[in-house]
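Everything below concerns the one structure shown next.
The values are calculated or read from the model by the stated rules, or taken from the named source; none is laboratory data. Bear in mind the structure is a predicted one, so any value in this text is a computation, not a measurement. Cβ placement follows ideal geometry from the backbone for every residue including glycine, while neighbour counts extend to all protein chains displayed. Surface areas here come from the heavy atoms of the whole protein model, side chains and all, with no ligands, DNA or RNA. Shrake-Rupley method; radii C 1.70, N 1.55, O 1.52, S 1.80 Å.
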Amino acid sequence: MNRLREMCHHLHCPWCGKGETLADGRAKVTISVQCKKCGNTYLADLDKLITEKAKPQRRKGRTA
């Protein structure tokens, strides 16, 4: 039985204000998001439910 969870938190892109990240609850985590509308990168704090502008960072290779 599948339950649909409503995404009740909408975090908007601080660059353009149009793109958004959806969350169904709070968590003590910060995620890096690339806006689908403008392409800029921002951080979304899912505990405080705020966003802030950020610079993109390259992924680090896996260490053996």
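So here's what we get for this one:
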{"read-out": "Qualifying residue in segment 53-63 (condition: of a type outside the set (A, V, I, L, M, F, W, C) and under 9 Å from the mean Cα position of the chain (by Cα))", "value": "no"}
{"read-out": "Test result for residue 56, modelled with pLDDT of 95 or more, part of a loop (DSSP other than H, G, I, E, B), in contact with a strand residue (DSSP E or B) (Cβ under 8 Å, 6 or more places away or on another chain) and not small (Gly, Ala, Ser)", "value": "no"}
{"read-out": "Selection within segment 9-64 - touching a residue at least 12 places away in the same chain (Cβ under 8 Å), open to solvent by 80 Å² or more (accessible area, probe 1.4 Å) and small (Gly, Ala, Ser)", "value": "32"}
